[in-house]
């Protein structure tokens, strides 16, 4: 509950190491040329995993008040809402740019 | 109290009664004086008053522009100003009223003043940020005003591309001004949410939170989620004009409809930024003047959040004729009807609160009745506009103009005036002239209807909005509307006159002129510098009119630490006779 | 929450309207998180535009991405991850009262942010040389697609906005460094380090997404 969690060096270095490894992994996967759409899914999956690591252990959400996690999640949810409803238009138009 | 026995394992705190002085010598205005103390103040009450003065100023500027626009429309052709001037006037009327008046009106002006008082806090969570957000608002306003004199803008307040990225004038300056104001709005939202979460007095649990706070909470959520998207959108318009990036410019391969999506992702929820705090004001006043517990507390509180949420799902109903996909139009139209549900819940709960209440028809309540009638018309015509087939006919006509004025002026301005009258004794320590207040309310109500009812008629007959010239068959409607706008203007001037007069000539207000149970009325008529000399302790909800007044004036008996929201207040050890 | 230490409330940075230092710390942190929400949606507009255009012109994104240097993008990712680590280390040092280590870690963070911006500078100027400008100034012939300018408009906007945030972050880091050298921070009071750290990690997270979205398309 309290926001004063003290991380150990081991945790911090471990997380940084994992992030480094995942960066190398995502570049490596890029050169393998996985067929679409799996290439995007893998790249985004790795990015989301990295972001989660940063949020949980560098930004201390793992130990923090849950409301702060809720804030992060809801911001992502509303971003998803913006994208989803915009796509509902842009992906379903008869012509991409009507009238031009 | 049934909690007394069940709470033996929880922290107990000693409370005693603090009966407020009506008019103590020292209050927030005379403890620190001088211009410098105002300009550098971090006191939420003074910042609220500075906001109040600023928005009043801009309200009259915007109102003056509206009167000029209406006067110009007296005849079908040119009456007294050029078409280009006319375009700039309606653009600025919209931009000033929305960004400089409506958005900050209740949250930043009244909210700033009242929120910490209702929470039993000494100030908002970030007082310096609060001052910064006022100065950002002021800076943004000056940039916007500067834009008027350095070329003007004629895009309408919506800045639609590609017109806004190609027209002359000071669009870039104006978007920058709005960007800065948006930043101010975001900071206010950040401040309020944190304040409501972290600064509540001991015992003030979520189910005892005044509904005005719930309204501000829902508003702040919209502010922090929607405003950044407007900021980036306007930044993109500015970049189009400066660097020609072309995201929204069809000539460079961009998509102008995408602009409308981003713009309305903010601007539809922004409608709720303007109206939801007004709902909060209504709940407070209805309960106070019917001396009755609010009907359906949770229904009203949660319907504010529901409106805030649904408000994010409906923006495409502004774009039915923009060329967006039919599928999107259908989904948006369907979701638009859902807004009616939480809004209806509120209306029914308010009327149910009045039922069998001990109603005192004072001027704040009179304004609220005006709100009911006008907002109902505004809301129902919104449902009409939400259905695709009708909207294709009514889009960009005076019907739309009348609809959103019924919501924004009839709803929000009425609620704002009600709140202003309600809290005026707390803000200034003076009572205004009640008779004049009632007359002014009547004049505003009549003037408003005379102005905007004819617009529904001519709109449904096909009169397009924003036009300089019109065909002669619409002239009678336009003339009635113009006359109505003068009556409306007169009403607002009257309000300004007697409120300002009351500061100098009004009689001293008692600490609690309305007999309200809410916390902000349990301190002296003008609050002390740091709001409370004691740490208030809350054991009853703000609408528990069936309980005696002294149970609402409790505070920590000794200076200890009652904060932290897991503290359960019991009546054990409480000494009501001690003062 | 119920047991507050009374010594903390005597700190010189304690503000009058808070009950104790814990309330002040928690409020500041929550305020920062709410601000980060607005940052996410601020970038969100650009990400949404990216998604829309990528789904419209997938082949354009594959073609144009070849012009971006994966190596330098990767190096910048590593640089930012490193700077996130040092910020976290600075907070830990503050919590453990190791005042010298706060300054050292903040200094390294500032330096890494500088490295990031220098690499960014060379990437951008290289493209300007080729005539790859945003929008209407685009004059590069090497990509066979009529809407190539849109890709680079998005690229410049998103990396540019991110770059602005890095520069703001550098300003904040410099301010923190100055304050830490004056000995303002200790285990009782390190709120500015903590909340600036949150901001910096978010800037890192944004880059974690920008990197695969622009440099790693095939």
Checklist entry - Does residue C:61 count as over 30 Å from residue A:88 (Cα atoms) and assigned to a helix (DSSP H, G or I)? => result no
Next on the checklist: Return the residues of the stretch B:320-339 that are at the interface with chain A (Cβ under 7 Å from one of its Cβ atoms), surrounded by 16 or more Cβ atoms within 10 Å (Cβ to Cβ) and free of Cβ contacts under 8 Å to residues at least 24 places away in the same chain; say none if nothing qualifies.
Outcome noted: B:325, B:328, B:331
Next on the checklist: Restricting to the stretch A:8-38, and then to whatever is surrounded by fewer than 19 Cβ atoms within 10 Å (Cβ to Cβ) and at the interface with chain C (Cβ under 7 Å from one of its Cβ atoms), can you tell me which residue is nearest to residue C:214 (Cα to Cα)?
Outcome noted: A:33
Item to check | Flag if residue B:15 is at pLDDT below 95 and closer than 19 Å to residue B:134 by Cα | outcome: no
Item to check | the stretch B:127-152: number of residues that are within 14 Å of chain C (Cβ to nearest Cβ) and over 21 Å from the mean Cα position of the chain (by Cα) | outcome: 1
Checklist entry - Quick check: anything in the stretch B:294-312 over 19 Å from residue B:104 (Cα atoms), within 14 Å of chain C (Cβ to nearest Cβ) and either assigned to a loop (DSSP other than H, G, I, E, B) or touching a residue at least 60 places away in the same chain (Cβ under 8 Å) (or both)? => result yes
Item to check | Per-region count, the stretch B:17-51, residues under 28 Å from the mean Cα position of the chain (by Cα), free of Cβ contacts under 8 Å to residues at least 60 places away in the same chain and within 17 Å of residue B:429 (Cα to Cα) | outcome: 1
Next on the checklist: Only one of A:92, A:79, A:58 is surrounded by fewer than 19 Cβ atoms within 10 Å (Cβ to Cβ) and within 7 Å of another protein chain (Cβ to nearest Cβ). Can you tell me which?
Outcome noted: A:92
Item to check | Residues of the stretch C:128-160 that turn out to be surrounded by fewer than 18 Cβ atoms within 10 Å (Cβ to Cβ), assigned to a helix (DSSP H, G or I) and within 14 Å of another protein chain (Cβ to nearest Cβ), as a count | outcome: 4
Checklist entry - Within the stretch B:233-255, how many residues turn out to be at pLDDT 90 or above, surrounded by fewer than 24 Cβ atoms within 10 Å (Cβ to Cβ) and touching a helix residue (DSSP H, G or I) at 6+ places or on another chain (Cβ under 6 Å)? => result 2
Checklist entry - Which condition breaks for residue A:74 when tested against (1) within 13 Å of the chain's Cα centre (by Cα); (2) facing chain B (nearest Cβ under 9 Å)? => result (1)
Checklist entry - How about the stretch C:45-88: which of its residues are more than 14 Å from chain B (Cβ to nearest Cβ), free of Cβ contacts under 8 Å to residues at least 24 places away in the same chain and buried (at least 21 other Cβ atoms within 10 Å of the Cβ)? => result C:85
Checklist entry - Quick check, is residue C:3 more than 22 Å from residue A:15 (Cα to Cα), more than 10 Å from every other protein chain (Cβ to nearest Cβ) and at pLDDT below 95? => result no
Item to check | Test: residue in the stretch B:17-33 that is assigned to a helix (DSSP H, G or I) and over 20 Å from residue B:420 (Cα atoms) | outcome: no
Checklist outcome for this item: Apart from one, (1) within 16 Å of the chain's Cα centre (by Cα); (2) surrounded by fewer than 20 Cβ atoms within 10 Å (Cβ to Cβ) all hold for residue B:371; the odd one out is (2)
Checklist entry - Taking the condition under 24 Å from residue B:290 (Cα atoms) and over 23 Å from the mean Cα position of the chain (by Cα), does residue B:525 pass? => result yes
Item to check | Among (1) closer than 14 Å to residue B:178 by Cβ; (2) in contact (Cβ under 8 Å) with a residue 40 or more places away in the chain; (3) over 17 Å from the mean Cα position of the chain (by Cα), the one test that residue B:266 misses | outcome: (3)
Item to check | Among the residues listed as B:532, B:552, the single one being out of contact with any helix residue (DSSP H, G or I) (no Cβ under 7 Å at 6 or more places or on another chain), at pLDDT 85 or above and within 14 Å of chain C (Cβ to nearest Cβ) | outcome: B:532
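The values are calculated or read from the model by the stated rules, or taken from the named source; none is laboratory data. Treat the numbers as computed from the prediction; the structure is a model and nothing was measured. Counting neighbours? That spans all protein chains shown, and the Cβs are built from the backbone with ideal geometry, glycine included.
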